[in-house]
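Here is the structure we will look at.
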Amino acid sequence: MKKRILSLMLAAGLSLTLFAGCGAKPEEPKELTKLTVSEVARSVFYAPQYAAVTQGFFAEEGLEVELVTGQGADKVMTAVLAGQVDIGFSGPEAAIYVMQEGRANYPVVFAQLTKRDGAFLVGREPAPDGGFSFEQLRGSDLIGGRKGGVPLMTLEYVLRENGLTPNVDLTVDSSVQFALMAGAFTGGQGDYVALFEPTASAVELEGKGYVLASIGEQSGEMPYTCYYASKNFIDESPEVIQAFTNAVYKGQKWVAGHTPREVAEAIAPFFPDNDIDLLERVCRRHAEIDAFMSTPVMKEEAFDKLQTVMEQAGELEKRVSFTSVVDNSFAQKAVESIG
């Protein structure tokens, strides 16, 4: 109900902006196509998506989008395959797993939002004067995330790149659910934890931990969070997918052209429990690590890197081709038409 009220308030505010004029007769509002989108988590990391809602870009494209939070890529994909939602938003690894099952109505990735891991390593002590080193994690217990998910796989990739073998040189705990990781850490479990924003900054501001490093800066570029839908839905409603992609691209452009404070104010309705100063802090942190895509077009080399990360994690026996999972045509058309 709370989400529905938010949606109605945003729609009402947009209507006032669009149809207020100097004595002009208001036009009849067009009926919007309703879409349900399952996002993997509610995070400032997805700021361009929320900006696309509050700045009216989805409505501008004729869409009314309801966002539901799936709490895990596996749950998001399940909802997409079951037809419970129209579009899924998570790491593309979920689509790779399904593709390998040989389903006829498989998910197709059509737009990318973020280009690197958005998690931050949080510890119980601040970094020493000489700066943080991953070597400090040797012999520690690290709460890492769900097995098979991109956050855990990317974290383990970064550990290996820094000379640490997961569950040999340190313990990487994959038993804690994504939504419970911060609570487990602040409750005394583990020496370190990988957290998304605004949770990482909130823990830091509460004096219960310290942000030590960006996992995304360490891992480099890869298709971290993307939009996908079933092949049948895309084939039956290509104009809806195009409109959705257009709105996402407008959101990306808007965020790139505004300050962290302006972005924080725009996305604030989606984070009612966080104050503007915290949101600004998080938006600046994401801008500093170059977290967002400038367009929704996925790069094949970034997709290949993701599969390397999955292989190293033991979660991918055989690679899939880029074109079997990704359809860039909608993203490319958005860029060409909007500029």
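The values are calculated or read from the model by the stated rules, or taken from the named source; none is laboratory data. This one's a predicted model, so the numbers in the text were calculated from it and none came from an experiment. With ideal geometry, Cβ positions are generated from the backbone for all residues, glycine too; neighbour counts draw on all protein chains shown.
Odds and ends about this structure:
- Single residue of the stretch 272-284 satisfying the filter (over 15 Å from the mean Cα position of the chain (by Cα) and closer than 21 Å to G216 by Cβ) that is surrounded by the fewest Cβ atoms within 10 Å (Cβ to Cβ): R284
- Count of the stretch 205-240 residues which are crowded, with 20+ Cβ neighbours inside 10 Å, in a helix (DSSP H, G or I), touching a strand residue (DSSP E or B) at 6+ places or on another chain (Cβ under 7 Å) and not β-branched (V, I, T): 0
- Residue match in the stretch 254-277 (condition: more than 18 Å from E197 (Cβ to Cβ) and in contact with a helix residue (DSSP H, G or I) (Cβ under 6 Å, 6 or more places away or on another chain)): yes
- Of the residues making up the stretch 237-260, one or more are more than 16 Å from the chain's Cα centre (by Cα), of a type outside the set (S, T, N, Q) and closer than 30 Å to G144 by Cβ.
- Per the conditions (1) assigned to a loop (DSSP other than H, G, I, E, B); (2) acidic (D, E); (3) over 30 Å from N232 (Cα atoms), the sole criterion not satisfied by E101 is (3).
- Annotation for the stretch 81-88: at least one member residue is modelled with pLDDT of 95 or more, outside any loop (DSSP other than H, G, I, E, B) and touching a strand residue (DSSP E or B) at 6+ places or on another chain (Cβ under 9 Å).
- Residue in the stretch 157-174 that is more than 29 Å from G251 (Cα to Cα), among the charged types (D, E, K, R) and either assigned to a loop (DSSP other than H, G, I, E, B) or without any contact (Cβ under 8 Å) to a residue 40 or more places away in the chain (or both) present: yes
- Filter result for A127 (within 19 Å of I289 (Cβ to Cβ), of a type outside the set (S, T, Y), more than 24 Å from the chain's Cα centre (by Cα) and modelled with pLDDT under 95): yes
- Within the stretch 251-267, residues that are within 10 Å of T54 (Cα to Cα) sit with their Cβ atoms under 8 Å from residues that are outside any helix (DSSP H, G or I) and not charged (D, E, K, R), at 6+ positions apart or across chains, in these pairs: G251/Q55; A266/Q55; A266/H258.
- Subset of the stretch 100-138 [surrounded by fewer than 17 Cβ atoms within 10 Å (Cβ to Cβ) and either in the same structural domain as V248 (by TED's automatic domain parsing) or within 18 Å of M310 (Cα to Cα) (or both)]: Q100, E101, G102, R103, A104, N105
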